[in-house]
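The values are calculated or read from the model by the stated rules, or taken from the named source; none is laboratory data. Source: prediction; values computed, not measured. For neighbour counting, all protein chains shown are included, and Cβ atoms are generated from backbone atoms with ideal geometry for every residue, glycine included.
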Amino acid sequence: MESLIQCITRSPILQSFKNVRVSSNRHMLKQSINHIMSKKVMDRYMRLPMPCNKVLATYCWIDGSGINMRCKDRILSCTPYSADAAPGWAFDGSSTGQATTANSDTNLKACAVYRDPFRLEPHVLVLAEVYMGDGSAAKTNHRKFCNDLCEYHKAEEPWFGLEQEYTMLDVDGWGLGWPKGGGFPAVNYEFSYCGIGAKYIAGRDICEAHTKACLYAGCDFEGTNAEVMFACWEWQIGTTIGIKAPDDMWMSRYIMSRISEDYGVVVTYHPKPMGPKHPGVGMHHNFSTKRMRNDGGYAFIEECIKRLEKNHMKHMKNYQHDEQTNRMRLSGKFETAPFDKFSWGIANRKASIRLGRNIKEKGKGFMEDRRPAGDCDPYLVCGLLMDTCLGSVGSGGGGKKGCCK
Ligand code: ADP
Ligand code: MN
Ligand code: MN
Ligand code: MN
């Protein structure tokens with residue numbers, strides 16, 4: 001038990017779970033109630049044919065924490081094939097950290113519809129934005145900020161490619177497959193990145209199931225890889241146009257929560273889940289516009305880098321769920337640049353902004369912003385990249401002054 005307590009004090013994640021009772025049981029996975037409920041029995045009910053005028057719609061939204069999501073189900077009479085066709089809805093915002101009890105009715109406005117990979121067609125997942133009773137956007141609803149910029153700069157055709165890193169934890173909060181009692185995996189990090197074999201990786205089934213489910217849903221899902229740290233993985237959304245990138249990222253996060261629930265595994269996007277001695281977890285944002293991708297685009301990329309440098313701290317204030325934890329990650333170690341200092345470089349993984357190796361020869365391309373933490377809001381990051389590089393809404397373009405929060 002003593003060694004378990006040591007492992008708890010070492011884990012920033014466990015320290016932040018104030019009300020979680022930690023058990024010293026060494027077989028937590030087998031204790032996960034969601035995991036042990038028989039999927040075979042469930043299958044009997046999943047196979048039941050539904051009346052043709054009944055479609056199940058799961059509305060999913062970002063709650064008041066800004067990183068966790070919630071969902072609730074509704075029976076519709078036909079499949080909404082677009083967000084416009086999905087009815088608006090409401091929920092109790094006082095139970096999601098989004099409203100007070102006395103003024104709790106909070107509204108859901110559909111913004112994207114996906115095929116439901118859990119119930120299959122014709123059922124759907126509906127990504128929804130949250131609006132307060134008075135019609136204003138909820139505090140954690142940054143989609144409007146991002147979408148307005150996407151619309152304003154439509155002619156520039158902003159493209160994004162997002163790399164979501166994540167860590168799998170056992171339900172006791174300790175790394176999946178990490179030795180119980182505070183030990184560390186007996187592997188050197190260089191073998192876990194894109195690694196194979198039980199010694200080097202853990203949890204591939206979840207990564208695999210997630211890939212299939214996201215593709216079925218209709219996300220622009222691009223790839224996956226095992227990451228540097230044991231039980232840490234990455235998936236990529238993109239390259240895709242404008243708002244679809246952050247929309248698909250949030251929906252793929254929702255799908256990941258559902259799949260990991262099935263497996264009795266906790267997925268976290270915490271930027272430094274295992275403390276300072278172990279690698280961090282980020283969400284690199286790859287960004288380009290028509291001008292950057294066309295001949296001569298390199299000059300414009302350089303111009304954008306200058307603007308990003310000027311606005312470094314404004315971006316850093318919005319690139320994570322909690323500044324302290326991203327500061328822990330952006331330590332200058334483990335392929336990161338320091339939090340407070342902007343830098344850029346070609347093929348440099350220790351820079352804030354990395355450009356591809358051949359960008360100068362080609363004279364065009366895209367940039368990779370390596371600063372956002374794993375638990376950032378991609379609506380904020382994509383929005384800020386457009387705001388700083390292309391200009392605020394109404395500015396006439398050209399990188400004029402803008403602000404978000
Ligand atoms: P690495 O791990 O080496 O940074 P990845 O393959 O994980 O590379 O991610 C590269 C990302 O770059 C992908 O998400 C891809 O969509 C994105 N990308 C490629 N070309 C462009 C482009 N022109 N504009 C924006 N993003 C791009
Ligand atoms: Mn990557
Ligand atoms: Mn990575
Ligand atoms: Mn990257």
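Things to note:
- Top-ranked residue of the range 96-108 - restricted to ones that are surrounded by fewer than 20 Cβ atoms within 10 Å (Cβ to Cβ) and under 23 Å from ARG253 (Cβ atoms), ranked as farthest from the chain's Cα centre (by Cα): ASN107
- Long-range neighbours under 8 Å by Cβ, at least six apart or interchain, first residue under 15 Å from LEU127 (Cβ atoms) within the range 61-86, second among the basic types (Lys, Arg): TRP61/ARG70; ASP63/ARG70; MET69/ARG253
- Looking only at residues in the range 166-210 that are assigned to a helix (DSSP H, G or I) and touching a helix residue (DSSP H, G or I) at 6+ places or on another chain (Cβ under 6 Å), the one that is farthest from ligand 2 (Cβ to nearest atom) is ALA209.
- Note on the range 326-382: enclosed strands (runs of 3 or more DSSP E) holding 2 or more residues that are away from ligand 3 (no atom under 15 Å from the Cβ) are 344-346, 353-355.
- Criterion: touching a helix residue (DSSP H, G or I) at 6+ places or on another chain (Cβ under 6 Å), surrounded by fewer than 22 Cβ atoms within 10 Å (Cβ to Cβ), under 28 Å from THR240 (Cα atoms) and at pLDDT 95 or above - qualifying residue of GLU156, GLU151: GLU156
- For the range 275-291, taking the residues that are touching a helix residue (DSSP H, G or I) at 6+ places or on another chain (Cβ under 8 Å) and away from ligand 4 (no atom under 16 Å from the Cβ), the one that is nearest to ASP170 (Cα to Cα) is identified as GLY275.
To keep it simple, each residue is scored yes or no on (1) under 26 Å from HIS142 (Cα atoms); (2) small (Gly, Ala, Ser); (3) not assigned by the TED database to the domain that holds TYR166.
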{"residue": "CYS304", "(1), (2), (3)": "yes, no, no"}
{"residue": "MET313", "(1), (2), (3)": "yes, no, no"}
{"residue": "ASP322", "(1), (2), (3)": "yes, no, no"}
{"residue": "GLY356", "(1), (2), (3)": "no, yes, no"}
{"residue": "ILE359", "(1), (2), (3)": "no, no, no"}
{"residue": "MET367", "(1), (2), (3)": "yes, no, no"}
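Matching residues to (1) over 21 Å from GLY280 (Cβ atoms); (2) modelled with pLDDT of 95 or more; (3) within 16 Å of ligand 3 (Cβ to nearest atom); (4) among the β-branched types (Val, Ile, Thr):
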{"position": "ASN188", "(1), (2), (3), (4)": "no, no, no, no"}
{"position": "SER192", "(1), (2), (3), (4)": "no, no, yes, no"}
{"position": "ALA209", "(1), (2), (3), (4)": "yes, yes, no, no"}
{"position": "CYS219", "(1), (2), (3), (4)": "yes, yes, no, no"}
{"position": "GLY223", "(1), (2), (3), (4)": "no, yes, yes, no"}
{"position": "GLN236", "(1), (2), (3), (4)": "no, yes, yes, no"}
{"position": "ILE241", "(1), (2), (3), (4)": "yes, yes, no, yes"}
{"position": "LYS244", "(1), (2), (3), (4)": "yes, yes, no, no"}
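- Tally, over the range 263-318, of residues that are within 16 Å of ligand 2 (Cβ to nearest atom), over 19 Å from ARG354 (Cα atoms) and of a type in the set (Val, Ile, Thr): 0
- ASP220 meets all of the listed conditions (1) more than 16 Å from ligand 2 (Cβ to nearest atom); (2) acidic (Asp, Glu); (3) closer than 30 Å to MET386 by Cβ but one, namely (1).
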